[in-house]
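The values are calculated or read from the model by the stated rules, or taken from the named source; none is laboratory data. Nothing here was measured: the structure is a model prediction, and the numbers come from that model. Glycine also receives a Cβ, built like all others from the backbone with ideal geometry; neighbour counts cover every protein chain displayed. We work out accessible area using only protein heavy atoms, side chains counted, and drop any ligands, DNA or RNA first. Shrake-Rupley method; radii C 1.70, N 1.55, O 1.52, S 1.80 Å.
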Amino acid sequence: MTVVEDRPVAPEAPPPRRGNRLWELLRNSWRQLTSMRTALVLLFLLAVAAVPGSVFPQRSVNRENVREYFAAHPDLAPAIDRFGAFDVYASPWFAAIYLLLFTSLVGCVLPRLRDHIRALLAVPPDVPKRMDRLPQHAAPAASPTDPAEAADQLSRHLRRRRYRTRVRELPDGGWSVAAEKGYLKETGNLLFHFAMLAVLIGVGFGHWYGWHANRLLVAGSEQGFCNALPQFDDSTLGPRVSAADLPNFCLKLTDFDATYQTTGQPKSFLATVAVSEDGGPDEIRSFTVNDPLRLDGASVHLIGQGYAPILRFTDRYGVQQTKIVPFLPTDGMLTSEGVVQFPDVNIDPATNKRDDSLQMGFEGVYLPTGGTDGGAASQFPAENNPVVYLTAYRGNLGLDAGIPGSVYALDRGQIANGQLKKIGGERPYPLRPGEKWTLDDGSTLEFLGTRNVATLSIRHDPTQVLLLVGSVLGLIGLMLSLFVHRRRVWFRVLPADGPDAGSSVIEAGGLPRTDYPGFGDEFAALTRAVMKGTP
């Protein structure tokens, strides 16, 4: 009879514990966000997201262009405005991509920096046992030198070629020399990414603490302006900037010189201004397109040129008013459009009251060089044959309604409802400097000439130096990462046997750490030079 002993049954292993799903989701999401692939995708998305900022006019650059786009596309403009098409760089979706890219770069670069520091502190690894399996291998060669001395000479030769070396003694009485170079490749890679972070930080802080404004400055001592928000044509302050933070300076355009190619393309612009800072005396300064006027806390950039016709209106009672109004260029030949309004004319001296129905407005097109055929486009941007074509309107200009409107066109609503009526004929009336136009009520309009107009952009970017340094360092890092290659070489020095005792046998092998098609030729030249230097 066989007795079967009862043996204790091992308890079943408990099922593996399932981790916290929320924690796993967050961890995997962080790993995915901080991967280099995600950083590249976000960088590409940021570039694509910036495209609408170049396609559509931006409020932060020129509000007038935005208003013109709304007028030209009344159905499309409101729809795309809901997605921030006219404020691309301040839109939530652009900021989201920007912040995700910043987070991805930080999470990607910091671990790589830690690993790179470890690699810099580590010594080259020991010689492989089978060097003949390496991508590059040099067959053993005899050397009359003692193994220890030969290894020392090999190390010195490699260090002269900027290799980091490590000499080790082998158990069989031989010596090994491990060498590595090309750490600047990863250094350049990290430098490039840190430079991108610096640029992103500079852009962000520049948006917070910077400001910019535009101004059409007409030549003349009475046409100057001081650095205050009401005196700008349009302005944008950063969220951390107030009007009290603006620097104190005043500008007057004293002279403007422009030269052109025979094709009409601008050759050079030179603006001369009288500038006063912090209430000091005027100082004459000149600046050009690529050489802005540097002031304390601001830079004044010259971005364009135009003309301001000088028109003198004499009303039916003989009262004269003179207006100097800049016209807006519409093409490269400086064909310009504008409007001149005289709301305070035709005031009856007997009652001293203004009749709104007798206000005067003139819409015009100014041609610096008018053609002989009477065409409505200038032939050249310089004033070779200046002429202004004007259309007169009489009636209520609508200026007292308090509704914002364009300064380059009359109120179309007033014209449509009949409160502003065209007079003086259907076709625009041409005037050259010194000529006069007499209207139906005896009032006259005289074209006295023009003044130069400089289009100025006044800016302050406190992170400009950071952006410049980041861009330069990024370019340097990119060059290092592209043209530096990391590689390792090993030399095994063994004592020779038999009658050659006291000499040594040297074997070499090489391994490129990155894709490096020219490593074979470099390894062959290196081994020849090193072996030759080891007698």
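Brief remarks on what is shown
- Long-range HN-HN contacts of F249 with modeled amide H, under 5 Å: N227, D278
- Put the Cα centre of segment 303-360 next to the Cα centre of segment 396-458 and the gap is 6 Å.
- A 1.4 Å probe, protein heavy atoms only, puts the accessible area of W30 near 130 Å².
- The listed residues K323, K129 rank as K129, K323 when sorted by accessible area, largest first, using a 1.4 Å probe.
- Counting only Cβ charges, +1 for Lys and Arg and -1 for Asp and Glu, the dipole size of segment 281-400 around its Cα centre is about 200 debye.
- Degrees between helix 92-121 axis and first principal axis of the chain (Cα, 0 to 90, nearest 10): 30 degrees
- For segment 314-328, the Karplus equation 6.51 cos²θ - 1.76 cosθ + 1.60, evaluated at θ = phi - 60°, returns couplings of 10, 7, 5, 9, x, 7, 9, 9, 10, 10, 10, 10, x, 9, 8 Hz by residue, with Gly and Pro reported as x.
- Using alpha-carbon coordinates, inclination of helix 21-33 to the longest axis of the chain, degrees: 80 degrees
- Summary of packing: across the peptides 332-339, 383-390, 168-175, the per-residue average of other C-beta atoms within 10 Å ranks them, highest first, as 332-339, 383-390, 168-175.
- Only DSSP H runs of four or more residues enter the estimate; each adds -39500 (n - 2.57), and after division by the residues of the chain the mean residue ellipticity at 222 nm equals -9500 deg cm²/dmol.
- Derived scalar couplings ³J(HN,Hα) [segment 356-371; Karplus, 6.51 cos²θ - 1.76 cosθ + 1.60; whole Hz; x for Gly, Pro]: 4, 6, 10, 5, 10, x, 10, 9, x, 10, 9, 10, x, 10, x, x
- Amide H contacts under 5 Å for D255: T272, restricted to partners 5 or more places along the chain or on a different chain, H placed in the peptide plane at 1.01 Å from N.
- Close amide-amide hydrogen proximity is noted between Q305 and T455, each under 5 Å apart and 5 or more residues distant or on a separate chain (H modeled in the peptide plane; Pro and chain starts excluded).
- Computed from backbone phi, the HN-Hα couplings of segment 453-470 come to 10, 10, 8, 10, 10, 9, 9, 9, 10, x, 9, 4, 5, 4, 5, 5, 4, x Hz, rounded to whole numbers (Karplus: 6.51 cos²θ - 1.76 cosθ + 1.60, θ = phi - 60°; Gly and Pro given as x).
- I80 exposes around 30 Å² of accessible area when a 1.4 Å probe is run over every protein chain in place.
- Probe 1.4 Å, protein heavy atoms only - accessible area per residue of the chain in square angstrom: 56 Å²
- Option label - Rg/Rh (Cα atoms, Kirkwood Rh) computed here, alternatives (1) 0.95; (2) 1.01; (3) 1.25: (3)
- Mean separation of Cα contacts under 8 Å (6+ apart) over length of the chain, as relative contact order %: 19 percent
- Segment 48-90: C-alpha gyration tensor shape, a/c 1.5 cut-off, then a/b vs b/c: oblate
- Given a 1.4 Å probe and the protein chains as shown, H485 ends up with an accessible area of around 40 Å².
- Filter on K353/K436; K267/K422; K252/K422; K323/K353; K267/K436; K129/K532 - keep pairs with C-alpha separation over 32 Å: K267/K422; K252/K422; K267/K436
- With all protein chains in place and a 1.4 Å probe, the accessible surface of the chain carries 57 percent carbon and sulfur.
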